[in-house]
Amino acid sequence: MDDDEVAAAYDARAAEYVALIGSVEQMERDDVARIGRWRGETTGALLDAGCGPGLWTAFLANPDPGSPGREVVGVDVSAVFLAAARAQHPTVRFESASMRDLPFPDGSFGGVLAWYSLIHVPPAELAEVFAELARVLAVGGRTLIGFFDGEPRERFAHAVAPAYYWSAEALTPLLESAGLRVIGSERREREPGAAGSVRPHGALEAERR
């Protein structure tokens, strides 16, 4: 699917999506802890690539009232998601943009989060997207990617739009070819009754060389 098709699919079901998993409080505790650790290990401005309704963008900006705030921008192709994000998080910056063509100079960010936002990218086009994420990362900056762990490149019927399974082993060479050195990975089963999906979870962290 191209960006327009993905945007239309999420626009049509955005209200349902926001009600189900529209806040950090609805997310798995392990996801919140993992993203929080990554935030603490990065420096500089952060990008939430494929931010949806902005829950992780707002979390990255300020995970709790007692913590220092961060400069964060969220981007997405869904106009309805962006409207919801701006309404719920008016102090956070959100922009309409594709991960294939980000409107930021080279090396703009110390960290790029792509949490389940790459699952709809056709496998043949994922290397191109990784190259764009790497372009906006500063040297030494880190990206954190969340994905559904399964048979690499296998298409499945996601609730909103067709998506693809990946594995750490299959994603690593694509990241490496974009100048991103993998420095950590994890795989775990989802908790029973978890919001969003019961499919196995995978995460990769990579550093810009």
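Of all residues in the stretch 65-93, those satisfying the criterion of being small (Gly, Ala, Ser), free of Cβ contacts under 8 Å to residues at least 40 places away in the same chain and assigned to a helix (DSSP H, G or I) are Ala83, Ala85, Ala87. Among the residues in the stretch 134-149, are any in contact with an Asp or Glu (Cβ under 7 Å, 6 or more places away or on another chain), of a type in the set (D, E, K, R) and in contact (Cβ under 8 Å) with a residue 24 or more places away in the chain? Yes - at least one qualifying residue is present in the stretch 134-149. No other residue among Pro123, Pro63 is modelled with pLDDT under 95, under 17 Å from the mean Cα position of the chain (by Cα) and not aromatic (Phe, Trp, Tyr) apart from Pro63. Residues that are surrounded by 15 or more Cβ atoms within 10 Å (Cβ to Cβ) and of a type in the set (Asp, Glu) were ranked within the stretch 1-40; the one that is modelled with the lowest pLDDT is Glu28.
Take the residues of the stretch 76-105 that are within 21 Å of Val136 (Cα to Cα) and aromatic (Phe, Trp, Tyr): which is surrounded by the most Cβ atoms within 10 Å (Cβ to Cβ)? Once the filter is applied, the top-ranked residue is Phe94.
The values are calculated or read from the model by the stated rules, or taken from the named source; none is laboratory data. Note that the structure is a prediction, hence the values are computed from the model and not measured. FYI the Cβ positions are ideal-geometry reconstructions off the backbone, even for glycines, and counts take in every protein chain you see.
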